[in-house]
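The values are calculated or read from the model by the stated rules, or taken from the named source; none is laboratory data. The structure displayed is predicted, hence computed values, not measured ones. When we count neighbours, we look across all protein chains shown, and the Cβ atoms used for this are built from the backbone with ideal geometry, even at glycine.
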Amino acid sequence: MAAWHHRYRFCGRCGSATIMDQGGHVRVCGETQCGETHYPRTDPAIIVLVERDERALFGRKPEWPSHRYSTIAGFVEPGE
């Protein structure tokens, strides 16, 4: 997180200085007319396809359309 804070001291949209917000998990542009919010990158920690014989296990979010499914995945939270 320290490297991210150092790297994103300035807004990528307007170039103004950013300020730390939400306990250090977000940087916000200090220019009130811009106000862009910058988040650290989140990377998948694991993506798996669980298989057995000719079948596979998929997951889905309740708000997705009924025909959409996904492999099982997890992410690392910033600072973990």
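Here are the criteria: (1) touching a residue at least 12 places away in the same chain (Cβ under 8 Å); (2) surrounded by fewer than 11 Cβ atoms within 10 Å (Cβ to Cβ); (3) not β-branched (Val, Ile, Thr). Tell me which single one residue 16 does not satisfy.
So residue 16 meets the others, but not (2).
Determine, yes or no, whether residue 78 is touching a residue at least 60 places away in the same chain (Cβ under 8 Å) and assigned to a loop (DSSP other than H, G, I, E, B).
yes
Tell me, which strands (runs of 3 or more DSSP E) lie completely within the range 1-66 with 3 or more residues that are under 17 Å from residue 77 (Cα atoms)?
Hits in the range 1-66: 44-48.
Hey, can you tell me all the residues within the range 36-48 that are modelled with pLDDT of 90 or more and either surrounded by 11 or more Cβ atoms within 10 Å (Cβ to Cβ) or of a type in the set (D, E, K, R) (or both)?
Once the filter is applied, which keeps residues that are modelled with pLDDT of 90 or more and either surrounded by 11 or more Cβ atoms within 10 Å (Cβ to Cβ) or of a type in the set (D, E, K, R) (or both), the range 36-48 yields 36, 37, 38, 39.
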